[in-house]
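To start, the structure itself, in structure tokens.
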Amino acid sequence: MELRVLRYFLAVAREESITSAAKSLHVTQPTLSRQLMELEEELGKKLFVRGSRRMTLTDEGMFLKKRAQEIVDLADKTEAAIKADDEIIEGDIYIGGGETLGMKYVAKTIREMRNSCPGIRFHLHSGNGEDIAERLDKGLLDFGLFVGAADFKKYDYIVLPEADVCGLLLRIDNPLAEKEFVSPEDLYGIPLLFSRQSMLQNELTGWLGKPADDLNVIGTYNLLYNAAIMVKEGLCSAVCIDGLINTAGDSGLCFRRFKPGLTAGLVVAWKKYQVFSKPAEKFLETLQKQLG
């Protein structure tokens, strides 16, 4: 599979039309159609269902779309790093992380970098720990910001000096809102949303002092904003990290910390033996200097 053909495939998947994709790629429709047919023949699979108005992806097409995007992104990232000027530090840094106040360390580092290297651009990817680790391993990210305990054997890393505080996000009219803290016993019998971040689930089990199987977990989330809407609508309460959702004013929400306290450590990690681009190397150097 050639990169050029993968780019053609992604354009058609995005536009859902040979005509529109051909215009965006500045190629003729017959050329684009022929390339797609040859790609399907090469793979031995149908990638599109061709309708009268639009083209939709088959299951195999959906799988290829995800992989093709990763391949193209990695190729673009590699090409940009190689072409970068030896004297001038400019280019792209790719950083992934979970929802955490620890992102302020990333923001401060980039702000300081851009004061002396304004040509640096950064790209953020939000996701849970498993997602960030997968993208790190594939070379799609330079750095990952992890929340809580994880297996870092294949990474080098820096432990940040702060930790996130865990607790319960709930409506202000919830009886638990009258309490200063939430105890393990308070969680039993109420509908809960859990983060798909495995660390939070594992740590919570330890905090409870017994298996969490008896908790009424009605669902999971990976980003808290939408989970907060479920809480606000009275569907449930959400086990989460403090400070990510506005609970002031007329938000209708409040956050109560756990007691005994439960925190999640923060780690910035990268692949061992990583060959950094100049912007990524500058990021790590600036972060280390910031942390002293």
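Points to keep in mind about this one:
- Total residues in segment 149-178 satisfying the condition of being in contact with a helix residue (DSSP H, G or I) (Cβ under 8 Å, 6 or more places away or on another chain) and either part of a strand (DSSP E or B) or modelled with pLDDT of 95 or more (or both): the figure is 10.
- Within segment 150-178, tally of residues that are open to solvent by 70 Å² or more (accessible area, probe 1.4 Å) and within 27 Å of GLU285 (Cβ to Cβ): 7
- Where strands (runs of 3 or more DSSP E) fall entirely within segment 220-292, those with at least 1 residues that are farther than 30 Å from GLY119 by Cα and modelled with pLDDT of 95 or more are at 237-241, 253-257.
- Segment 101-143, subset assigned to a helix (DSSP H, G or I) and of a type in the set (A, V, I, L, M, F, W, C), residue surrounded by the most Cβ atoms within 10 Å (Cβ to Cβ): ILE132
- Cβ-Cβ under 7 Å pairs, at least 6 apart or on other chains, segment 115-127 side on the phi < 0 side of the Ramachandran plot and among the polar types (S, T, N, Q), far side surrounded by 14 or more Cβ atoms within 10 Å (Cβ to Cβ) and not in a strand (DSSP E or B): SER126/GLU99; SER126/LEU223
- PHE146 vs. criteria open to solvent by less than 50 Å² (accessible area, probe 1.4 Å), over 23 Å from LEU215 (Cβ atoms) and assigned to a strand (DSSP E or B): yes
- Taking each residue of segment 1-29 that is polar (S, T, N, Q) and looking for partners that are open to solvent by less than 70 Å² (accessible area, probe 1.4 Å) and in a helix (DSSP H, G or I) with beta-carbon atoms closer than 6 Å, six or more apart or interchain, yields SER24/ALA11; GLN29/ILE18; GLN29/ALA22.
- Of all the listed residues (GLY261, GLY234, GLY265), the sole one being open to solvent by 20 Å² or more (accessible area, probe 1.4 Å) and at positive phi is GLY234.
- Pairing residues of segment 199-210 that are over 12 Å from GLY167 (Cβ atoms) and open to solvent by 20 Å² or more (accessible area, probe 1.4 Å) with residues that are part of a helix (DSSP H, G or I) and at pLDDT below 75, at Cβ distances under 7 Å and at least 6 apart in sequence or on separate chains, gives THR205/ALA212.
- Selection of segment 268-282 for residues being free of Cβ contacts under 8 Å to residues at least 40 places away in the same chain and not β-branched (Val, Ile, Thr) yields TYR273, GLU281.
The values are calculated or read from the model by the stated rules, or taken from the named source; none is laboratory data. Keep in mind that this is a model prediction, so the values were computed, not measured. Counting neighbours? That spans all protein chains shown, and the Cβs are built from the backbone with ideal geometry, glycine included. Just so you know, the surface numbers come from the protein's heavy atoms only, side chains and all, with ligands and any DNA or RNA stripped out. Shrake-Rupley method; radii C 1.70, N 1.55, O 1.52, S 1.80 Å.
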